[in-house]
Amino acid sequence: MVTSYWMGAYEEIKRCNALIGNIDKVPMDASKVEIYKAEAVVLRSLMYTNLTMLYHDVPYFTSIQSVTDAKAAKTDRATIVADVMKDLKDAAKVLPPTASSWGRMTKGAALSLLGRLALYNEKWDEAISAYRQVKELGYSLYKTGDNPYMDLFTEANEQCNEIIMSVRYEGPGKEEGNAMAPHYDAPLEAMNGTIDLADAFYDITTGKPTTDKKIVNGLTTEGKPDLWDPNTTRYNNRDPRLKVTLFTPWDGWNDKWPNAYGGSAPSNSTLYVLKYFNPSLSSSGSFDSGQDFYIIRYAEVLLSLAEALVEKGGYSYDEVVGLVDEVRNRVKMHTVGEIESKNGQLDQAGLREVIRHERRVETAFEGLRLFDLYRWKELKNAVDRINKEAALAFKTRVALFEGSWQKYHANTDFGTVGADPTKYFKICVEAAEELMKGDYKVGIYNTGNPDEDYYKLFGFDNMSDVNEVLLYRAFNAAEGAGNSTQGFITYNSNSKGITWELVSSYLGKNGKPYDYLNTAAANKGNVFLTKIAEDCDVRLKSTVWIPGDLMSVGENAYFSGPTIEGGALQLCPTGFQVKKTANPNSPAAGKSWETQAETGLILLRYGEVLLNYAEAKCELDNSVAYEALNLLRKRAGMPDFSVNAQSLDKNKVDYGYSITDELYEIRRERRVEMALEGQRDEDYMRWAASALFKNKRPKGYPVDLAQNPNFSSKVDENGLIDYYKGVMPSGYQFRDKQDYLYSIPQDELTLNPNLKQNPGWN
C-alpha cells in the first residue's frame, strides 16, 4: 500500500508536469492555457502536500521528467513547502472563483490547499491569510433537510456550496465510478471503525462523552465476550454524525438485512464504515457508483482557521469559538459556551482540545486523520512507538543514574571497576542540551495558571498533545484496559498516605524553607492542611488533598478530610492523602476502584529532563542551571530558583554525607517536582542515601486529638501521627552492604554459572 501511494503520487506529478511543459504547444486561447497550467499546479501541489507529510523529504520535480530522474536525490521538505506555497499563491491569482464546469479547480481550491499546507507546517500567518480569503469567496455549510450532514455525503449533493475540491466519479455503468459503495448487500467488512472513534461522538443531550462503556451484554459459554449480543444502547442519543460515519451493531441496511450485524461474523468493534456508502445500490452497481470523494470541504476550512488562530496566539476568543460552533450547529450539538466554557473562557490548551476533537468527528474517513496525528505528534501514541524525544529523555535518566552510582558507591562493594562518573554526567548534559536546544517539540505545560497547571498535567486522559509528556501509557476502559487511579485517588486512599518527610520538603511561597513543626504546634488536623496549602509551594496542594477540594464533578464530592481511623480501603495512615493524578472530571472520579478510568500514566516528561540536566551540571562543576530550573518554578508561580543554606533549613534531610548547598537545593527541587512519579527509590539507590530513611518511621500530620481522642498512642513527641510506632519500633531496616541491589534469582544462577550473585546475597 505504501509503495502504491508513492507511485500513484509521482504518476500524477508526472502527468501534471507533462501538461505544464507541453500545453504551450497547443493552439489555444492564452487565458485558457494559464488556467489549465494553474489547475495542474494545484493538483501537483496536492501530491506534494501529501508526500511531504508522509515521507518528509522527497524527490522534487517541477518539469517534464526523464529517465535520469529515477535516481534523483531527495529535496528537503522546507524547500518543497516554500516552493509549493508560492505555486499555490500564483495559481490562486489565475483560477476563477467558480468552476467553469463541475470538478475543475477554482481559486477556493488553491487557497484552501495553501491553508492546509501552511497549517501542516506551522506557518500560522500564511494559513490564516489563506483561509480568510476562502471565507470571502461565498462558500457555506450544507444545511438543507432534517439530516444535512447525512445528505451531504450523497451523489445528489456532491455539487453543493460546501465542496471545494473533490475527486469526480461517473457511474454506474460508465466505468468511471468508485468502489466506496456497499459490499454486495451488507457493509464492507474490510473497513472497520474503532470503539475509540465511536466514543468521540458525544452524547447529544449532555455534549459530553458517553458514560456507557459496556460493549457487549454478556459472555459466551466459554467465558468470552458475546459479540453476537452487543450493547446497542451505548450508541443511542449521540452526535448525529456517528450514525452517518459508522454502521453500529444491529443497524438495518436498506431493509435488506433488517438486523444486519455487518457480514458473516462480528468484529471486536462491529463498527463498519458507513460514510460515503450507499445502501440503496444493488450489488451490481456497488463497485461503480457516481459518488464523488471530497478532498476539501468548507467545514475543514472553518476548523483549520480556528486551529491556526489558536496556535498563533493573540486570537479573538469569540471568533475561534464561533468557527467551531458554526460546524456544531449544523448537527444541533451543544455550543462551546454551553458545555466546555460554561464556567469561563477556555485557555489555549482547552481550545486546542475542542478543535482537535471537532475535527476528528467532522472529517472522519476523509483522508485527514493520519496527517493530523503526524503534525500534532500524536502518532507516537496512536501506534505505540517511541520517538527521539523520549529516547533522549531516557538517555538523560540512564546517564545520570550511572554517573551518580559510580560516584556515590565508589570504594564500596557496589563500586564500578574503572569508574568514570564525569563521563556519564557529561552524557546526561549533552543529551539534555540536544533536547532543549534542538528542533524538538518539547516544553513545560504552562497555561499561566499556577494554581492548576501542575495539578492538571497528571490528570489528562489523552496526553499526546501535551509537549511536556514525552512518553505515557494510555488506557482504554471499553476494551478492558483501564486503570483504577481515579477510584483510589478520589474515592478512597486504600491505606496509603504521603509522609511528613515529603511534605516538609516543600518551600514556602517566598522560596525559603518553611517551619512546618512550628506551624504544627499551633495548627492541627484539617487546619494544618489548609494552612500549609496557603503558605507553601503550590505543588504541595496539587499533591495532597486539602479540605474543600473538589474530588468529583459527577458525584459532587468534596474532600472533607483524611480518614486516619477506619477500614483498610478508607484509611489514610498519615493524614496526607494522595491527590496527584486526580481528575475530578473523569467519569470514574468519586467511584470505587472497580470503575475503570483512562487517565494517562506519565513515563517520561520534559520536567524530569530539566532536573536531570541541572543535577548533572551541578555534579560536574557545582554550577546551577537557573534557566532550566526556573521553568519549573514559573509554572508553580514560585520565585526564581535560589540556593538556600542548609544550615537554615529546619527540615534539613541527612544524606549520610556532605553535599554542597547547590546540590542540596537541586535535590530538594527534584523531590517536590517528581513526587509520586516512581523515581524516589532509584534516587536514594544511586545516591547511596539509605540515611534518608534507615531506622526511621514514616510520620504524618499533626493530629487533632480533640477530634480523635483515641489516637494518642499513635503520635510522636511533636504531635505528629506515628501510625507505625508499634509495628516498626526500630523504623525501616536496610542492609547497606546488600540492599542497594536485588538478588539474582537462584534459578538463573544455576542455569548460567557465569552469573555472579550481587554483593551480600551469598
Select from the stretch 385-415 the residues that are aromatic (Phe, Trp, Tyr) and over 32 Å from the mean Cα position of the chain (by Cα) and list them in ascending order.
TRP405, TYR408, PHE414
Please count how many residues of the stretch 698-711 are part of a loop (DSSP other than H, G, I, E, B) and crowded, with 18+ Cβ neighbours inside 10 Å.
6
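This table checks each residue for (1) touching a Ser or Thr at 6+ places or on another chain (Cβ under 8 Å); (2) within 16 Å of ARG104 (Cβ to Cβ); (3) aromatic (Phe, Trp, Tyr); (4) touching a residue at least 24 places away in the same chain (Cβ under 8 Å).
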site: MET28; (1), (2), (3), (4): no, yes, no, no
site: VAL33; (1), (2), (3), (4): no, yes, no, no
site: MET53; (1), (2), (3), (4): no, no, no, yes
site: TYR60; (1), (2), (3), (4): yes, no, yes, no
How about the stretch 61-88: which of its residues are modelled with pLDDT of 95 or more and either farther than 19 Å from LEU114 by Cα or not hydrophobic (A, V, I, L, M, F, W, C) (or both)?
THR79, ASP83, LYS86, ASP87
Among the helices (runs of 4 or more DSSP H) lying completely within the stretch 1-102, list those that include at least 3 residues that are farther than 17 Å from TYR120 by Cα and of a type in the set (Phe, Trp, Tyr).
2-22
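Among the listed residues TYR455, TYR516, which satisfies the condition of being under 27 Å from PHE394 (Cβ atoms), among the hydroxyl-bearing types (Ser, Thr, Tyr) and at pLDDT 95 or above?
Unique residue meeting the criteria: TYR455.
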Only one of ILE532, ILE546 is of a type in the set (A, V, I, L, M, F, W, C) and surrounded by fewer than 22 Cβ atoms within 10 Å (Cβ to Cβ). Can you tell me which?
ILE546
Assess whether ARG633 counts as being within 30 Å of PRO573 (Cα to Cα) and surrounded by 15 or more Cβ atoms within 10 Å (Cβ to Cβ).
no
Considering residues that are among the charged types (D, E, K, R) and within 26 Å of the chain's Cα centre (by Cα), the number found within the stretch 656-697 is 6
Which numbered condition PRO639 misses (of (1) more than 25 Å from ALA474 (Cα to Cα); (2) out of contact with any Gly (no Cβ under 7 Å at 6 or more places or on another chain); (3) not basic (Lys, Arg))
(2)
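I'd like the residue in the stretch 1-45 that is loosely packed, with under 13 Cβ neighbours inside 10 Å and among the β-branched types (Val, Ile, Thr) and, out of all such residues, is farthest from ILE296 (Cα to Cα). Show your work before the answer.
Taking the stretch 1-45 first, the residues loosely packed, with under 13 Cβ neighbours inside 10 Å are 1-4, 7-8, 11, 22, 24-32.
From what's left, among the β-branched types (Val, Ile, Thr): 2-3, 26.
On the way: VAL2: 23, THR3: 24, VAL26: 31 Å.
So, considering only residues that are loosely packed, with under 13 Cβ neighbours inside 10 Å and among the β-branched types (Val, Ile, Thr), the one farthest from ILE296 (Cα to Cα) is VAL26.
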Lone unmet requirement of (1) among the small types (Gly, Ala, Ser); (2) more than 18 Å from LYS107 (Cα to Cα); (3) touching a residue at least 24 places away in the same chain (Cβ under 8 Å) for ALA40:
(2)
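Take the stretch 712-742 and flag every residue that is part of a loop (DSSP other than H, G, I, E, B) and in contact with a Lys or Arg (Cβ under 6 Å, 6 or more places away or on another chain).
Looking only at the stretch 712-742, we keep the residues that are part of a loop (DSSP other than H, G, I, E, B), and these are 716-719, 722-731, 733-742.
Hits for the stretch 712-742 are ASP722, TYR723, TYR724, MET728, GLY731, PHE734.
I'd like the full set of residues that are of a type in the set (S, T, N, Q), over 15 Å from VAL703 (Cβ atoms) and surrounded by fewer than 20 Cβ atoms within 10 Å (Cβ to Cβ), limited to the stretch 498-529. Write out each step before concluding.
Keep residues of the stretch 498-529 that are of a type in the set (S, T, N, Q), which gives 499, 504-505, 510, 518-519, 523, 526.
Now drop any that are not over 15 Å from VAL703 (Cβ atoms), which leaves 504-505, 510, 518.
Passing the criteria: ASN510, ASN518.
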Of the criteria (1) in contact with a helix residue (DSSP H, G or I) (Cβ under 9 Å, 6 or more places away or on another chain); (2) at pLDDT 95 or above; (3) farther than 22 Å from MET638 by Cβ; (4) not aromatic (Phe, Trp, Tyr), which one ASP535 fails
(3)
Would you point out which residue out of ALA99, ALA91 is surrounded by 21 or more Cβ atoms within 10 Å (Cβ to Cβ), out of contact with any Cys (no Cβ under 7 Å at 6 or more places or on another chain) and either under 24 Å from LEU51 (Cα atoms) or at pLDDT below 95 (or both)?
ALA91
Only residues that are part of a loop (DSSP other than H, G, I, E, B) and closer than 16 Å to LYS509 by Cα: list them for the stretch 604-649, please.
ALA636, GLY637, MET638, PRO639, ASP640, PHE641, SER642, VAL643, ASN644, ASP649
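On the basis of being hydroxyl-bearing (Ser, Thr, Tyr) and at pLDDT 80 or above, does SER316 make the cut? Full working, then the answer.
Numbers: hydroxyl-bearing (Ser, Thr, Tyr): yes; at pLDDT 80 or above: yes.
Spelling it out, SER316 is indeed hydroxyl-bearing (Ser, Thr, Tyr) and at pLDDT 80 or above.
The values are calculated or read from the model by the stated rules, or taken from the named source; none is laboratory data. Just so you know, these numbers come straight off a predicted model, no measurement behind them. Using ideal geometry, Cβ is built from the backbone for each residue, glycine included, and neighbour counts are taken over all protein chains shown.
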